[in-house]
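The structure appears below as structure tokens.
What follows draws every value from the coordinates through simple rules; no lab data is involved. Because the structure is predicted, anything quoted here is derived from the model rather than measured. Note: ideal-geometry Cβ built from the backbone for every residue, glycine included; neighbour counts use all protein chains shown.
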Amino acid sequence: MEMKAWLMMRGLWMLVSGEEKEPEAAQVAEVQDWRLRSQKAAGALFLAVEHEQRIHLGGIESDPIAIWAKLESVHLAQRPGARFNAYDALFSIRKRPEESLQALMNRVDASMHSITNLCPKTFSLQNLDDELACMALIRSLPEEYSHFTSSLLLLDTLD
């Protein structure tokens, strides 16, 4: 979210998100401006990524649209297993003794934001109901099923 805000503040987000397309080749000055801003966005994204995460950016370090898409695919895998873990984290939140109610609400909001990011755009309440039923079954299995449950959470769908 911070990187997106930074890119928006610099007028680069529409380029990174793909909303702003590269101008036609006939408009040389506009093409050069777009490419310069594209390089700025790619450089900013690359430098903002932790060193050990840069391995994912090999070969695309000068393409901000590809960098953003790659980072989304790596860190926001929209799979049931990722949502299962996010829901588990949400339901594990407990108020700490020294924590204010506002801080607790902020942690819950952040957790809900993570869950929202892990849902595909076409995700419906029926999908959620189906996944929650599967998650309850998976969670109810004893420890000896741990290898089985781990493999289930890698699937693209739970049904």
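Residue by residue, what Karplus-based ³J(HN,Hα) values in Hz, rounded to whole numbers, does segment 69-85 have, using 6.51, -1.76 and 1.60 with θ = phi - 60° and x for Gly and Pro?
After applying 6.51 cos²θ - 1.76 cosθ + 1.60, I find 4, 5, 5, 5, 5, 6, 9, 10, 4, 7, 10, x, x, 5, 5, 4, 5 Hz.
Going through segment 95-157, which trypsin sites (Lys or Arg not before Pro) have at most 15 other Cβ atoms within 10 Å and a DSSP loop state?
In loop regions of segment 95-157 (DSSP not H, G, I, E or B), the sparsely surrounded trypsin sites (Lys or Arg not before Pro) are LYS95, LYS121.
With just the Cα atoms defining each centre, how far is segment 86-149 from segment 14-82? Give it in Å.
Spelled out, the Cα-based centre of one part sits 30 Å from the other.
How far apart, in nm, are the 7 Å Cα→Cβ label points at GLU50 and GLU144?
3.8 nm
Can you give the relative contact order of the chain as a percent, counting alpha carbon pairs under 8 Å and 6+ residues apart?
20 percent
Extending each Cα 7 Å along its Cβ direction at ASP159 and GLN39, get the distance between those two points in nm, one decimal.
With each label placed 7 Å out from Cα toward Cβ, I get 4.9 nm.
Just want the answer: with Cβ charges of +1 for Lys and Arg and -1 for Asp and Glu, which residue in GLY81, TRP6, SER92 is farthest toward the dipole's positive end in the chain?
Value computed over the given set: TRP6.
Can you give me the relative contact order of segment 80-152 as a percent, contacts being Cα pairs under 8 Å and 6 or more apart?
Working: 21 pairs, mean separation 27.1, N = 73.
The value is 37 percent.
Report, in deg cm²/dmol and to the nearest 500, the calculated mean residue ellipticity at 222 nm for the chain, where each DSSP H run with n ≥ 4 adds -39500 (n - 2.57) and the sum is divided by the residue count.
One gets -19000 deg cm²/dmol as the mean residue ellipticity at 222 nm.
For segment 1-84, state which trypsin sites (Lys or Arg not before Pro) are in a DSSP loop and have at most 10 other beta carbons lying within 10 Å of their beta carbon.
Passing sites in segment 1-84 are LYS21.
Tally Lys and Arg at +1 and Asp and Glu at -1 over the other residues with C-beta under 12 Å from the C-beta of LEU90: what net charge comes out?
Net local charge, LEU90 excluded: +1.
Please go through segment 1-104 and write out the GluC sites (Glu not before Pro) that DSSP classes as loop and that have at most 13 other C-beta atoms within 10 Å.
Qualifying residues, ordered by number: GLU19, GLU24, GLU50, GLU98, GLU99.
Out of ALA29, ALA82, ALA133, any idea which swings most in a Gaussian network model of the chain, alpha carbons joined below 10 Å?
In this elastic network of the chain, the residue with the biggest mean-square fluctuation among ALA29, ALA82, ALA133 is ALA29.
Taking 0.36 nm per residue of separation and subtracting the Cα-Cα distance, what length does fully extending GLU61 through ALA136 add? Don't skip to the answer; put the middle values down first.
On the way: separation 75, 0.36 × 75 = 27.00 nm, distance 4.14 nm.
Extra length from GLU61 to ALA136 when fully extended: 22.9 nm.
Can you tell me the dipole magnitude for the chain around its Cα centre, using point charges on the Cβ only (Lys, Arg +1; Asp, Glu -1), in Debye to the nearest 20?
Using only the charged Cβ atoms, the result is roughly 380 debye.
Just how large is the dipole of segment 14-70 about the Cα centre, in debye to the nearest 20, putting +1 at every Lys and Arg Cβ and -1 at every Asp and Glu Cβ?
The calculated dipole for segment 14-70 is roughly 120 debye.
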